[in-house]
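Q: Below you'll find the structure I mean.
The values are calculated or read from the model by the stated rules, or taken from the named source; none is laboratory data. Note that the structure is a prediction, hence the values are computed from the model and not measured. With ideal geometry, Cβ positions are generated from the backbone for all residues, glycine too; neighbour counts draw on all protein chains shown. Surface areas here come from the heavy atoms of the whole protein model, side chains and all, with no ligands, DNA or RNA. Shrake-Rupley method; radii C 1.70, N 1.55, O 1.52, S 1.80 Å.
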Amino acid sequence: MSYVVGPTDRVDTGMSGGDMAKPLLGHQNTEGDPGARPAAGRTIGVLGSGDFARSLAIRLVCSGFKVVVGSRNPKRKAGLFPSAAEVTFQAEAVKKTDVIFVAVFREHYSTLCDLADALAGKILVDVSNNTEINHHKESNAEYLASLFPACTVVKGFNVVSAWTLQSGARDGNKQVLICSNNQEAKRIVAEIAQVMGFTPVDMGCMSSACEIENIPLRLLPAWKIPIFLALGLFLCFFTYNLIRQVIHPYIREQKNKLYKIPIEVVNTTLPCVSYVMLSLVYLPGVLAACSQLYYGTKYRRFPDWLDQWLQHRKQIGLLSFFCAALHAVYSLCLPMRRSHRYQLIEMAAKQSTLGFIALVISTLHTLTYGWSRAFDENQYKFYLPPTYTLTLLVPCTVILAKVIFSFPCIQQRLLRIRRGWEKGRYVKFVLPSATGEYSSGETSSNV
Ligand code: NAP
């Protein structure tokens with residue numbers, strides 16, 4: 001028995017009809033392949049009527065699918081779903097479709113065992129997440145597969161939140177990681193994800209399910225390395241400044257300067273971290289350019305460590321900006337600091353294109369601030385040079401490399417490599433004509 005409730009009884013989905021009511025991608029062309037069915041237009045089943053099931057149903061309906069929701073209490077839950085979705089008992093729902101999203105928690109999977117016969121031969125999509133990393137010996141998807149051996153289980157959609165499903169893929173994570181031991185089932189689920197506006201990512205066979213289930217539990221994975229880097233640099237510079245500003249005066253002159261630790265030592269450390277991190281945003285680009293110039297091609301993989309470094313530049317830059325902002329706040333606490341200098345750096349760092357200008361300004365600032373100190377013997381505590389002098393090392397290397405790369409002979413070669421030119425190879429080139437059309441031809445890359 002189905003409960004089809006009138007539109008006025010249904011909840012507002014919060015989506016404008018014009019935009020979301022249309023399929024996000026056109027229907028797949030399946031002409032000439034009688035076995036294939038277009039993804040959109042297919043009837044999709046959803047078991048469960050919670051937050052995820054509701055968002056999923058809304059999204060599926062908006063993407064052009066017919067949706068049948070299986071609930072233990074359809075009468076009560078029907079009003080929560082869009083009018084186009086049919087809300088019925090679980091047993092009824094599974095009869096009407098061969099692709100079923102299991103939107104219930106792992107601990108309730110066993111309560112679905114009564115449906116085993118009706119589910120035989122169907123595709124079950126496991127969307128579940130865990131509360132802890134590697135919580136169970138086997139992944140939820142593998143557990144589901146063991147309960148329903150006659151079904152084909154596909155793991156997917158767990159990295160997408162109910163909120164992302166409702167608000168549209170454009171406003172959230174677009175990737176849907178999918179894995180299964182059955183290629184055809186995986187293809188069908190990937191096609192559904194694509195029609196819904198997501199980017200399916202094939203993660204291989206079912207043994208990847210555990211990894212996929214752990215992803216939402218890993219807190220900001222892209223930030224881990226940059227945060228450790230920032231903390232490591234902070235610790236190094238803090239210790240260095242502590243030795244120079246507190247320990248040295250105590251040992252040499254028996255002066256207690258512990259009061260300097262919370263403000264002055266921290267405030268000398270923050271710009272050093274910010275400054276070095278800002279140069280670390282540009283250093284991998286310089287190394288990459290060196291590698292490309294050396295090998296004369298852009299089609300050679302960078303070493304893994306450089307690849308990782310390049311991928312984390314945004315986070316490193318943002319952390320650098322955060323340290324600079326903290327430095328500005330600290331400097332406002334110190335009346336003798338002229339904070340407008342730091343504000344200028346902050347403004348520049350707001351835009352990624354202006355990031356390099358920020359690096360140059362910071363270098364000029366550090367040079368002017370630290371120039372006289374660099375040649376003052378008294379500034380060398382325990383033979384340690386002033387922090388300002390020390391921090392100049394990496395940024396100056398980066399700026400120098402950038403200047404060298406801007407020489408026309410090197411710049412031209414680098415530009416050509418980045419457009420596909422290779423040392424000692426013939427390459428096909430495409431040139432825009434005066435009319436804006438493109439003409440192609442072949443040339444020796446060594447010309
Ligand atoms: P929820 O709001 O608590 O909904 C769970 C649904 O399971 C209930 O509405 C219930 O629907 C159904 N159910 C079936 N058998 C049940 C039983 N024996 N006891 C209790 N409920 C039973 O949870 P949810 O947030 O929608 O999450 C559902 C699944 O999606 C979970 O595995 C979760 O890890 C996954 N997920 C959720 C999100 C999210 O953002 N919420 C994101 C990714 C993945 P009926 O009462 O109609 O049967």
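Q: For A91, what charge total do you get from the other residues with a beta carbon under 11 Å from its beta carbon, if Lys and Arg give +1 and Asp and Glu give -1?
A: 0
Q: Now, a different point. What span do the alpha-carbon atoms of region 74-224 cover on each of the three principal axes, reported in whole Å from largest to smallest?
A: So the extents along the principal axes, rounded to whole Å, are 46, 34, 29.
Q: How far apart, in nanometres, would the label points at N73 and N214 be if each is projected 7 angstrom from Cα along the Cα-to-Cβ direction?
A: Distance between the two pseudo-spin positions: 3.8 nm.
Q: Can I get the semi-axes of region 264-314's equivalent ellipsoid? Compute them from the C-alpha gyration tensor as square roots of 5 times the eigenvalues, in angstrom, largest first.
A: Output for region 264-314: semi-axes of 30, 10, 6 Å.
Q: To the nearest 10 square angstrom, how much accessible area does D202 have with a 1.4 angstrom probe?
A: 100 Å²
Q: Give me, ordered by chain and number, the residues 5 or more places off A85 or on other chains with an amide H under 5 Å from its own placed amide H.
A: Amide H neighbours of A85, under 5 Å, 5+ apart: none.
Q: So, one more: ³J(HN,Hα) across region 113-121 via Karplus (A = 6.51, B = -1.76, C = 1.60, θ = phi - 60°), whole Hz, x for Gly/Pro?
A: 4, 4, 8, 3, 5, 5, 8, 3, x
Q: Still on this structure, I have one more. Given region 156-260, report the % of alpha carbon pairs whose separation exceeds 20 Å.
A: 60 percent
Q: Okay, moving on. Long-range amide H contacts for V46: which residues qualify at under 5 Å (H placed 1.01 Å from N, peptide plane, sequence gap of 5 or more or a different chain)?
A: Long-range HN contacts for V46: V68, V69, G70, F101.
Q: Going by average Cβ neighbours within 10 Å, how do the peptides 274-285, 254-265, 71-82, 176-187 rank, with the highest at the top?
A: My ranking of the peptides, most packed first, is 274-285, 176-187, 71-82, 254-265.
Q: Please work out how much length the chain gains when fully extended from L367 to S406, using 0.36 nm per residue of separation minus the C-alpha to C-alpha distance, in nm with one decimal.
A: Answer, rounded to one decimal: 11.8 nm.
Q: If you don't mind, there's one more thing I want to ask. Separation of region 353-392 and region 220-249 by C-alpha centroid, Å?
A: When both Cα centres are located, 17 Å separates them.
Q: Separate question: Direction-averaged shadow area of the convex hull around the Cα atoms of region 56-134, nm²?
A: 6.1 nm²
Q: Apply the Karplus parameterisation 6.51 cos²θ - 1.76 cosθ + 1.60, with θ equal to phi minus 60°, to every residue of region 279-287 and state each ³J(HN,Hα) to the nearest whole Hz, in sequence, with x for glycine and proline.
A: So the J values, rounded to whole Hz, are 6, 6, 6, 8, 4, x, x, 5, 5.
Q: With only alpha-carbon atoms counted, please give the Rg and Dmax of region 355-403, in Å.
A: According to the Cα coordinates of region 355-403, Rg and Dmax are 11.8, 35 Å.
Q: Considering only protein heavy atoms and a 1.4 Å probe, what is the carbon-and-sulfur percentage of the accessible area of region 152-265?
A: That fraction is 63 percent.
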